[in-house]
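The values are calculated or read from the model by the stated rules, or taken from the named source; none is laboratory data. These numbers come from a predicted model, not from an experiment. Here the Cβ positions follow ideal geometry from the backbone for every residue, glycine too, while neighbour counts run over all protein chains shown. Heads up: the accessible areas ignore ligands, DNA and RNA and are worked out on the full protein's heavy atoms, side chains in. Shrake-Rupley method; radii C 1.70, N 1.55, O 1.52, S 1.80 Å.
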Amino acid sequence: MNGSIVYELERPENTGLKRSVKVLEKAKSCLDPVFHVSWADLIAVAGAQAVAVCGGPAISVELGRLDSSLPDPEGQLPEETLNAIALKEIFQRKGFSAQEMIVLSGAHTLGSKGFGEPTVFDNSYYKTLLRRPWLESEENMGAMIGLPSDRVLVEDSECKKWLEIYANNQETFFKDFSAAYLKLINLGARWKVTDL
């Protein structure tokens, strides 16, 4: 979490983020004259706030991240065509367990991928995946639900175990999501040094 996304908006994996960054840019221009906020902090807080506003858990975000002045190297995000084993390996290299990968994937419940109400943060992502609607649909409408990287999670026994836990217990999902989100936004962050 270093704010480098503002330099990476033309990358294919960031398609659709320009509008969100534009909204944050407006907020940043209002905040900066009063209290300078880094892009890294703004993005971390905005993500937590979006989850809370949409009915998810309140996540308290520590401030003080420093921004990068360069884009991150390409290829840092997993491709949507990977299988579950490859996804787990990528997350593991970044210090995340399969459980943390699955709980963070639950953020896909927001938006227009077909996992429930697009502005409601809940455990419908897990319930929908376990139903496998992409296999049922006669008109192939189910094929529009989620990404291929979401659908492969149901085929992996370790992932499926966590999908079932979160589908059956939203409170556990919220608790685990909060912890994994904080780990994600603090991963690799550089921090301001403050004088005491």
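Before moving on, here are some points about what is shown:
- Shape call, the chain: gyration tensor on alpha carbons, a/c limit 1.5: prolate
- A 1.4 Å probe over all protein chains sorts Thr109, Thr15 by accessible area into Thr15, Thr109, starting with the largest.
- Over the chain, relative contact order from alpha-carbon pairs under 8 Å, at least 6 apart, %: 25
- Here the relative contact order of segment 1-104, from alpha carbon pairs under 8 Å that lie six or more residues apart, stands at 31 percent.
- FRET efficiency for the pair Phe35 and Gln92, taken as 1/(1 + (r/R0)^6) with r the Cβ-Cβ distance and R0 = 25 Å, rounds to 0.10.
- Extension gain (nm, one decimal) between Glu117 and Ala179, 0.36 nm per residue minus Cα-Cα: 19.9 nm
- Global geometry of segment 74-152, whether rounded, prolate or oblate, following the gyration tensor of its Cα atoms and the 1.5 cut on a/c: prolate
- Chain lengthening between Ala46 and Val23 when straightened (0.36 nm per residue, less Cα-Cα): 7.3 nm
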